[in-house]
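The values are calculated or read from the model by the stated rules, or taken from the named source; none is laboratory data. Note that the structure is a prediction, hence the values are computed from the model and not measured. Cβ sites come from the backbone with ideal geometry, for glycine too, and all protein chains shown count toward neighbours. In case anyone asks, the SASA skips ligands and DNA or RNA and just uses the protein heavy atoms, side chains included. Shrake-Rupley method; radii C 1.70, N 1.55, O 1.52, S 1.80 Å.
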Amino acid sequence: MSDQNVRNAGFTSSGIAGGSLASSMMSHEARSSGGGVPSGGPTSTLQGMGARGTTHSSGFTSSGISGGSKASSMMSKEATAHGGGVPRGGTTSTVQSI
């Protein structure tokens, strides 16, 4: 994943950009969870990367998730929590798509 893709989606060092994909994700996620954006979800994960200004070594790459990376660990935990599969629209799949 490139830093530019994260910024283009609206996840920036100064917060989530209004009218962006990021703000749409945040709104959808907040409505789905009863009003707040859960820690560790797609929005908070991507915003954390945007705030740091770097996605390097996260393990989300254009050719897939790198073994032994933070992304790999996230995917494993999410799959375990969902009975063996990574759910569509979950944190791992959303972050990987961006």
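As for the stretch 36-48, it holds no residue that is over 23 Å from S76 (Cβ atoms), open to solvent by less than 60 Å² (accessible area, probe 1.4 Å) and in contact (Cβ under 8 Å) with a residue 24 or more places away in the chain.
Checked against the criteria, G15 counts as at positive phi, at pLDDT 85 or above, open to solvent by less than 40 Å² (accessible area, probe 1.4 Å) and touching a helix residue (DSSP H, G or I) at 6+ places or on another chain (Cβ under 8 Å). Looking at the stretch 79-97, can you tell me whether even one residue there is among the charged types (D, E, K, R) and not in a loop (DSSP other than H, G, I, E, B)? No, the conditions are met nowhere in the stretch 79-97. Restricting the stretch 1-17 to residues that are in contact (Cβ under 8 Å) with a residue 12 or more places away in the chain and hydroxyl-bearing (S, T, Y) leaves a set whose member that is farthest from T91 (Cα to Cα) is S13. Might you let me know whether the stretch 55-65 holds any residue that is under 20 Å from A9 (Cβ atoms), modelled with pLDDT of 85 or more, surrounded by 14 or more Cβ atoms within 10 Å (Cβ to Cβ) and not polar (S, T, N, Q)? Checked the stretch 55-65: at least one residue is under 20 Å from A9 (Cβ atoms), modelled with pLDDT of 85 or more, surrounded by 14 or more Cβ atoms within 10 Å (Cβ to Cβ) and not polar (S, T, N, Q). Taking the stretch 18-35 as the search range and keeping residues that are touching a helix residue (DSSP H, G or I) at 6+ places or on another chain (Cβ under 6 Å) and open to solvent by less than 70 Å² (accessible area, probe 1.4 Å), which one is farthest from V95 (Cα to Cα)? My answer is E29.
Within the stretch 52-76, residues that are farther than 14 Å from T94 by Cα and of a type in the set (S, T, Y) have Cβ atoms under 9 Å from residues that are open to solvent by 50 Å² or more (accessible area, probe 1.4 Å) and assigned to a loop (DSSP other than H, G, I, E, B) in these pairs: S66/S57; S69/S57, counting only partners at least 6 apart in sequence or on another chain.
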